[in-house]
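Working notes for the structure below.
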Amino acid sequence: MKLPLSWLAEFVTVEAEVEEICRRLTVAGVEVENIARVRPAFSDVVVARVLKTERHPNADRLSLCEVEAGPVGRFSVVCGAPNVRAGMITAYARLGSRLMSGVHGQGGVEAIEQAPPLQAAVIRGIKSDGMLCSERELGLSQEHQGILELDEGESGADLASALYLDDTVLEIAITPNRGDCLSVLGLAREVAALFGVKLKEIRLRPGKALKPGSDQVTIAVGIDAPDLCPRYAALPMAAVKIGPSPIWMRRRLELAGMRPINNVVDTTNYVMLALGQPLHAFDYGKLAGGKIIVRRAGNDREITTLDGIQRALMPDDLVIADAEKPVAIAGVMGGGNSEVGAETNTILLESAYFEPMTVARTGRRLALRSEASYRFERGIDREGQVRALYMAAEIIRKIAGGREAGPIVDVDARPAPPREIVLEPGAIGSLLGVELPTAEVSRRLKSLGAWVTSGGKGKLIVAPPSFRPDLNEPADLAEEVARLNGLEEIPAAAPDRRSAAPAAEDPSRIFARASREVMLGCGLTEIKSIAFVASDDNQAYPGIGTGKPVRVANPISAELSELRCSLIPGLVTALRFNLNRQAGAFHGFEIGRVFAMDGEQAAEFERIAGIGYGEYAMGTIGRESISADFFMIKGIVESYLESIPGLAPRSFVAPGATSLAFLHPGKSAAISIEERQIGYLGELHPRAASHLELATPCVIFELDLTAILAYAAAKGRRVELPPRFPAVRRDLALVVEQALPADKVLKTIRESSSNLLESVRLFDVYEGGSLPTGRKSVGIACLYRARDRTLTDSEVNRAHAELIERVRVGLGAELRH
Amino acid sequence: MREQLEQIRSRALAELAAEATESAIEDVRVRVLGRAGELTEIMRGMREVPAQERPAIGQLVNQIKTELEARIEALQGKLKEAALERSLTEARLDVTLPGAKIPRGHLHPITLTIENMLRIFNAMGFEIVATRDIEDDFHNFAALNFPPDHPAREMQDTFFLGGGLLLRTHTSNGQIRVMEQRRPPLAIVCPGNCYRRDELSVRASPMFSQIEGFMVDRAGRITMAHLKGVLTEFLRAFFGSDTAVRFRASFFPFTEPSAEVDISCLLCGGKGCRICKHSGWTEILGSGMIHPNVLRAVGYDPAEYQGFAFGLGVDRTALLRLGVEDMRLFFENDVRFLGQFPASNERFA
């Protein structure tokens, strides 16, 4: 809402600096976002009357004019405007005044001060004391056909003040609960309450209607949907001459952010801005049967609105209809079929209360928003309808020559129920944490327009004013009481803690934090990506689960039309972003949520994922570094999984033909715990890598954080003491099938061993040389130990020999010497 | 025999002069003390020595042996020392060359900000609860006193997922999720991602982080004064003890009374600058007393319970703290930006 202070001053007078008014409003919840000073594009121009004109002796198109500017004096001016004539009131720039180039909207103090002062000129041999100005020369518009013509004005008065050109406009953010502040009157009420002053009385009286006969018209108003429209008032005006509004009106509308249209439409907008009551003007001649019926659209399926667009109606939309057809969508926009135009002679002004929900629903469905619907949606004054018609009629009489063509028809189909809020003593204090005397609470509420009576025993009965639909219960009144003096009045206090126990934290969060720390230690940098991806991303990187992607019903764009199934697209994007900026390597991870359909329902899952590309670690001059490859990323994943206390054993399995299609089929693995897949890792498929223009292998992993947490040990693990007796190591070289996974060898050994075998470790894999093709040799270190004694050689030898025999048979392996 | 021994000794000692080389010393050791050395030979020939002389000769042999061994050891020690000295001067590295680094990652600034905030709240007695991103209308709007078609819903342009579900537009769903399950006293913070239909730009992102907090107890026990106390304490702990805090009335559907909280502008300290639009204040969070309708929606009697709630935008706060103005920095993941953050949850200056 834009509030010109000159307009505010018509409703309230406050002895305070603008900054102080703004500060008080802001602290009270009516936030002033900007203070804009507007200045005219001229200085020292006054209102003047042309006394007489005569032809310039040396030029056909020039006139010699005598102008009178009250106390400023009388002057002789040469004027070239075709419209100059004796008796007209216009703008006179005297000697020494300054004019900007005349470009519309280019106001500003600096600029005007730079403009040269006007000097006396001799035009075709005759001296001119100053000049008469066009709208363009004054910076008011592009109009330059003739000089400015004013309807009225006091000679010698400062033109800037007369046209509201010298003003300050406050830009105010009105919260959705304060529809009452969407008007000059509403803001004036607020200012009056904050500064403890009274509103100026605005006298609004009905004008005299035409005598029956002449132009008087009859109208009938019926409300068929009182649930959606409880009140509808209408006033016909005849003998209206449609034309442009006077400058002061246009100026005010522009300062308040609206575009001038014609004198009638401008008047409805002006009254709406002044009082907060939206008005609509129909061309009475286009209303069939002189009837207004407020009803649901029902079988009427469409209407063409003022903007020329055909709109589909739903049966429950509220419309204004004449005897035959809808002529407006209630509160949203008028119909083209009843529009006021240049030929309109008789108008019907509508001033109604429409229920916020109906206007909001229809407006949203049609994506049609107007200044009127904005106010209806937020709730206008339940009792402000007739007053607005008075004001509109007064202005139209003045600027459009109209007369009331009948009395106001005011249908109150569903009177507003009385509202009462009972305030128990101390109710406000116990919410705010500060005790206020009942009398003070009462005083503040009264200053806001509430009707306050005592209910006995310290109780207050509060009837909120009709323009505050947002006040419904004691908490609402507490806010009003608190904000009037600013919240500084409330002390800051520490709450009583009932328990001194340390506050808990969600286990998933603790786990995510610990996971993050391991990743950082592994040299991966944390990234954050946006959860929206393109459908292609989800197809390329379907993640761990099998659920279908979640589609966004109203995405920002096609590139962001689904929710990510996997964190990989974000990591790949981050990699590409950094490579494009000359990074040679990138190692990152993300912990976040991914989304997939769980049957018919969208569901979310916690993931951790990482990416490695390029030089990774431990290199320097003369020493080659480790670069991203399968075993680098597997090392990180193993380090991570090993860092989780008591995590159940996990297995890495080469993928099947169809799974993990985005990974290199020979350099990737699915990771499972107890047969359940908890993740995967591997090198990006060469086709994907080449698509991303990656020169060296790119490795990724993704793990299901929730599943891992579920498989991690619960609290209360037991700690084992370090062994006291030495271990004995026996190495073993087995020649096995080349395709046999090392994991299988180790598993067989573990399962075949006696209880003296403490651990087995693979330390070498060898192929080629003297080995037959299709075979490989694996070197294995076996560690034997007893908890209770030092093992003898013969004990170890016996156990080892037994182990070899069993493994040889079990794996079809030969011993290599 | 004695003479022979003396000869062996003096020759050996002569050869074991101070400047003897490693190989000269080794030669002497092998020739005299070795398995087939001169002294060994003499011991072997002992049976030819008259019996009564044997002990004396044996003693002499041992004496010479001990003497020579000591001498050799001393010389070798000296040589070793000299060699070490030599190697120390020779093996000089260019210590300005880079080390072989163990890589170290960096925390994302949003994470850092969230963790720092939560640490303060946790220390102030707030329990940390994770809640969901996918919500239904009830938990994101209706229960929070956003009636259908209410203009307040437009403050939050929502992503819909179909099936009556949506992406939460704020972490305030945490209030409803927790209060549905539990009874006061409650002191809870819920961090999480929120989603609104804004394009990624300098000022906005379709996904961002918030922290919702609320404290509920019996009516009268938690008041607006406590809201002010708790938030002032938090903001001073997070932004510095000299931070000025201002509460001003505002509107949120789920609180009544509502208050926006401003802090003194971090850039100008309150004097007024471009960043704070010359007001000296920066809007930092929204708060208020939980609306009675919200309490009713979770089955609490507003006459019995009351409390406060607040919502804090993490991304914007992080921008303020870092003194940068572009939201996109958080989602581009430029390592030249991320690399400036530590690998721990320590506060960043």
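So the values come out like this:
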item: Conditions (1) surrounded by fewer than 17 Cβ atoms within 10 Å (Cβ to Cβ); (2) more than 7 Å from chain A (Cβ to nearest Cβ); (3) not aromatic (Phe, Trp, Tyr); number of the one not met by B:MET124; result: (1)
item: Residue within the range B:196-207 that is among the hydrophobic types (A, V, I, L, M, F, W, C), more than 8 Å from chain A (Cβ to nearest Cβ) and outside any loop (DSSP other than H, G, I, E, B) present; result: no
item: Output for the range B:79-110, where each listed residue is part of a helix (DSSP H, G or I) and touching a residue at least 60 places away in the same chain (Cβ under 8 Å); result: B:PRO109, B:ILE110
item: Filter result for A:PHE605 (more than 13 Å from every other protein chain (Cβ to nearest Cβ) and buried (at least 16 other Cβ atoms within 10 Å of the Cβ)); result: no
item: Set A:ARG497, A:ARG468, A:ARG414, A:ARG443: member being closer than 19 Å to A:LEU194 by Cβ and over 33 Å from the mean Cα position of the chain (by Cα); result: A:ARG443
item: Test: residue in the range A:540-552 that is more than 27 Å from A:ARG687 (Cβ to Cβ) and within 12 Å of another protein chain (Cβ to nearest Cβ); result: yes
item: Residue count, the range A:324-372 (criterion: assigned to a helix (DSSP H, G or I) and in contact with a helix residue (DSSP H, G or I) (Cβ under 9 Å, 6 or more places away or on another chain)); result: 12
item: Residue satisfying condition, being part of a helix (DSSP H, G or I) and under 26 Å from B:GLY299 (Cα atoms), within set B:PHE121, B:PHE138; result: B:PHE138
item: Residue count for the range B:224-265, restricted to those that are facing chain A (nearest Cβ under 7 Å), free of Cβ contacts under 8 Å to residues at least 60 places away in the same chain and in contact with a Leu (Cβ under 8 Å, 6 or more places away or on another chain); result: 7
item: Flag for A:VAL422 being outside any helix (DSSP H, G or I), within 26 Å of A:ARG189 (Cβ to Cβ) and within 14 Å of chain B (Cβ to nearest Cβ); result: yes
item: Residue match in the range A:34-51 (condition: out of contact with any Ser or Thr (no Cβ under 6 Å at 6 or more places or on another chain), without any contact (Cβ under 8 Å) to a residue 40 or more places away in the chain, in a strand (DSSP E or B) and surrounded by fewer than 21 Cβ atoms within 10 Å (Cβ to Cβ)); result: yes
item: Given (1) of a type outside the set (Asp, Glu); (2) in a loop (DSSP other than H, G, I, E, B); (3) under 21 Å from A:GLU17 (Cα atoms); (4) out of contact with any Lys or Arg (no Cβ under 8 Å at 6 or more places or on another chain), index of the condition A:ARG189 fails; result: (2)
item: Matching residues, the range B:208-223, being at the interface with chain A (Cβ under 7 Å from one of its Cβ atoms) and part of a strand (DSSP E or B); result: B:MET215
item: Any pair with Cβ under 9 angstrom, 6 or more apart, that starts in the range A:426-440 at a residue that is within 15 Å of B:ALA219 (Cα to Cα) and ends at one that is among the polar types (S, T, N, Q) and surrounded by 13 or more Cβ atoms within 10 Å (Cβ to Cβ); result: A:GLY429/B:THR223; A:SER430/B:THR223; A:SER430/B:GLN306; A:LEU431/B:THR223; A:LEU431/B:GLN306; A:LEU432/B:THR223; A:GLY433/B:THR223; A:VAL434/B:THR223
item: Where A:LYS634 falls short, out of the listed (1) surrounded by 16 or more Cβ atoms within 10 Å (Cβ to Cβ); (2) within 11 Å of another protein chain (Cβ to nearest Cβ); result: (2)
item: Criterion violated by B:GLU26 - all others in (1) acidic (Asp, Glu); (2) under 60 Å from the mean Cα position of the chain (by Cα); (3) surrounded by fewer than 12 Cβ atoms within 10 Å (Cβ to Cβ) satisfied; result: (3)
item: Residues of the range B:297-314 classified as more than 28 Å from B:ASP262 (Cα to Cα) and touching a residue at least 60 places away in the same chain (Cβ under 8 Å), total; result: 7
item: Residue that is surrounded by the most Cβ atoms within 10 Å (Cβ to Cβ), among those in the range A:478-509 that are farther than 30 Å from A:ILE591 by Cβ and among the basic types (Lys, Arg); result: A:ARG483
item: Every residue from the range A:518-536 that is over 24 Å from A:ALA583 (Cβ atoms) and at the interface with chain B (Cβ under 10 Å from one of its Cβ atoms); result: A:ALA531, A:PHE532
item: Qualifying residue in the range A:342-354 (condition: in contact (Cβ under 8 Å) with a residue 60 or more places away in the chain, within 14 Å of chain B (Cβ to nearest Cβ) and not aliphatic (A, V, I, L, M)); result: yes
item: Residue satisfying all of: in the range A:593-613; of a type in the set (Gly, Ala, Ser) and within 17 Å of A:LYS634 (Cβ to Cβ); nearest to the chain's Cα centre (by Cα) among these; result: A:ALA609
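Yes or no, residue by residue, for (1) assigned by TED's automatic domain parsing to the domain that holds B:LEU186; (2) surrounded by fewer than 24 Cβ atoms within 10 Å (Cβ to Cβ); (3) under 22 Å from A:GLY433 (Cα atoms):
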position: B:PHE254; (1), (2), (3): yes, no, yes
position: B:ALA259; (1), (2), (3): yes, no, yes
position: B:CYS273; (1), (2), (3): yes, yes, no
position: B:HIS278; (1), (2), (3): yes, yes, no
position: B:HIS291; (1), (2), (3): yes, yes, yes
position: B:VAL294; (1), (2), (3): yes, no, yes
position: B:ALA297; (1), (2), (3): yes, yes, no
position: B:GLY313; (1), (2), (3): yes, yes, no
position: B:ARG321; (1), (2), (3): yes, yes, no
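The values are calculated or read from the model by the stated rules, or taken from the named source; none is laboratory data. Given the structure is predicted, the values throughout are model-derived calculations rather than measurements. Cβ coordinates were reconstructed from backbone atoms using ideal geometry, including for glycine residues, and neighbour counts include every protein chain displayed.
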